[in-house]
Every structure is written in structure tokens, then in C-alpha cells.
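Just below is one structure, and these are the notes that go with it.
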Amino acid sequence: MGAMESLIILIPTICYLAAWVFTMQIVDSAAKEKGYGDLSGKLWFIGFFGFIFTPAIIVASLPDKKPRRAQVENITNVDDELPSL
């Protein structure tokens, strides 16, 4: 193999690996925002040996463990959220 053939293989491989790392960082931060920081290693493992979108689907399907700040601030009283009849 010449130098040009090596570059044709090496450059897309480097680009793929960089895109994979950035995607896994986004998926990992989304899992941490949902309250699943303990799944970080498992998601990286699944993303490395499986398809890259598999951890993203897993994180998207997880329910939130942490209540969102807007939900906590808006609900001050149970009567405030019920409509008047």
C-alpha cells in the first residue's frame, strides 16, 4: 500500500472515532442530566461494541429521576394546579 491509500483509510477512521467520542459524550451527559450518572461505563461499553445509536435510544427511554427545576418551582400548592369547577 502506498501513502495515498493509507491516508484514504486513516482519515475516515480518525473522523469516525472523533464523531463516536463526541456522540458518546453527548449521550453520557444526557444520562447524567436524567439522574443516571452510574450508567456511564455501561453506556460507553454498549456504544463501543454495539451500534452508536443504541446507548442514545437507551437514554432516551429512561424516565427522569430528578424533578426538573421548573416543575418544582411552579407547583407551590396542590390547589394551584387543579382547575376550579
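At a 10 angstrom cut-off on C-beta neighbours, averaged per residue, how do the peptides 8-17, 27-36 rank from highest to lowest? Before the final figure, lay out each step's value.
On the way: 8-17: 10.3, 27-36: 17.4.
Listed from highest to lowest mean packing, they are 27-36, 8-17.
Starting with the fewest neighbours, write out Ser6, Ser61 ranked by other beta-carbon atoms found within 10 Å of each beta-carbon. Write out the running numbers ahead of the final one.
Numbers: Ser6 10, Ser61 7.
Fewest to most other Cβ atoms nearby, the residues stand as Ser61, Ser6.
Throughout, read-outs are computed from the coordinates displayed, never taken from laboratory work. This structure is a prediction, so every number in the text was calculated from the model and none was measured. So basically every Cβ, Gly included, is an ideal-geometry build from the backbone, and we count neighbours across all protein chains shown.
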